[in-house]
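The values are calculated or read from the model by the stated rules, or taken from the named source; none is laboratory data. None of the values given here were measured: they were computed from a predicted structure. Here the Cβ positions follow ideal geometry from the backbone for every residue, glycine too, while neighbour counts run over all protein chains shown.
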Amino acid sequence: MKKITSDILGVIPARFNSTRLLGKPLKLIGDKPMIQHVYERASKTLKNVVVATDDDNIYNCVKDFGGKVILTKEEHKNGTSRCLEAVNTWTEETGVEFKYILNIQGDEPILHEDHLKKLILCFKDPTTDFATVALKLSNPKNILDGKVYLVKNIHDFVLYFSRNIIPFIRDENKENQYYSPSFYQHIGIYGYTKEALEKFCRLESTSLEKSEKLEQLRWLENGGKIKVGITSHLSYPVDTIDDLIAVREIYEKKDNI
């Protein structure tokens, strides 16, 4: 089969065996499972979207609501390698090669279209082969422990990611430091060229990655660059039952979505 080329494929990795919330993609929000919310929101911005899962229940769920889905191997260590398998399988099945791959988290049922648009805009820079998104924090009340933060250079390439609040403000007192305009909370959505995704999956884990438990540091530690798109829209990932309850409440109120 002669392959044709398309620009962007959105891949949504979805696991059933989440350690903190078993069966997370199938949890109902309103009258739809979480994975359907993510899929439908991504599909408003992207023409090509596919779910990548190793679970028959999630596979059948996506099929039932009319979505596109790939059943992947079980032994993937992370969503990135699952994403690559899905891209390769989807290309084999459809005959379409994709220039850019967007890795969309399956636990973002209130995914905002601006996150996808800002991610895509990163590739307007021809030097970009790996990209992500961050929320610029203008309100100090939104700077919280337990989130991932990043610092970037003046060209919007990431310098570092951390589970600590960075940058550290040395010479200001605690009540004033969070009024700095330079705090950015990472939003866990990624874009890659196909070549960069393949290279990333070949790299071994690195010391910084293991220290922070942040996979994207592997790319930086190997000399790669990550472009960052800046959004003003919050992200509502679901990791725990408390997160799920909060998202259900937001959904019912139709607030910020």
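Can you pull out the helices (runs of 4 or more DSSP H) entirely within segment 193-255 that have at least 2 residues that are of a type in the set (D, E, K, R), modelled with pLDDT under 95 and not assigned by TED's automatic domain parsing to the domain that holds LEU137?
Result: 241-253.
Quick one: which residue in LEU116, LEU150 is assigned to a helix (DSSP H, G or I), of a type outside the set (Gly, Ala, Ser) and in contact (Cβ under 8 Å) with a residue 60 or more places away in the chain?
Of the residues listed, the single one that is assigned to a helix (DSSP H, G or I), of a type outside the set (Gly, Ala, Ser) and in contact (Cβ under 8 Å) with a residue 60 or more places away in the chain is LEU116.
Looking at GLU108, GLU75, GLU92, can you tell me which residue is of a type in the set (D, E, K, R) and over 17 Å from ARG15 (Cβ atoms)?
One residue alone meets the criteria, GLU92.
Take THR45 and decide whether it is over 16 Å from the mean Cα position of the chain (by Cα), in contact (Cβ under 8 Å) with a residue 12 or more places away in the chain and not assigned by TED's automatic domain parsing to the domain that holds GLN216.
Judged against the criteria, THR45 is not a match.
So which of ARG218, ARG248, ARG202 ends up being crowded, with 16+ Cβ neighbours inside 10 Å and over 17 Å from the mean Cα position of the chain (by Cα)?
So the residue among ARG218, ARG248, ARG202 that is crowded, with 16+ Cβ neighbours inside 10 Å and over 17 Å from the mean Cα position of the chain (by Cα) is ARG248.
Keeping to segment 168-192, report how many residues are closer than 26 Å to LEU121 by Cα and either among the aromatic types (Phe, Trp, Tyr) or at pLDDT 90 or above (or both).
10
Pairs under 7 Å by beta carbon, first residue over 10 Å from ASP129 (Cβ atoms) in segment 215-228, partner assigned to a helix (DSSP H, G or I) and at pLDDT below 95, six or more apart or different chains?
Final answer for the pair search is GLU215/THR80.
Looking at ARG82, ARG41, which is the one that is basic (Lys, Arg) and at pLDDT below 95?
None of the others qualify; the one that does is ARG82.
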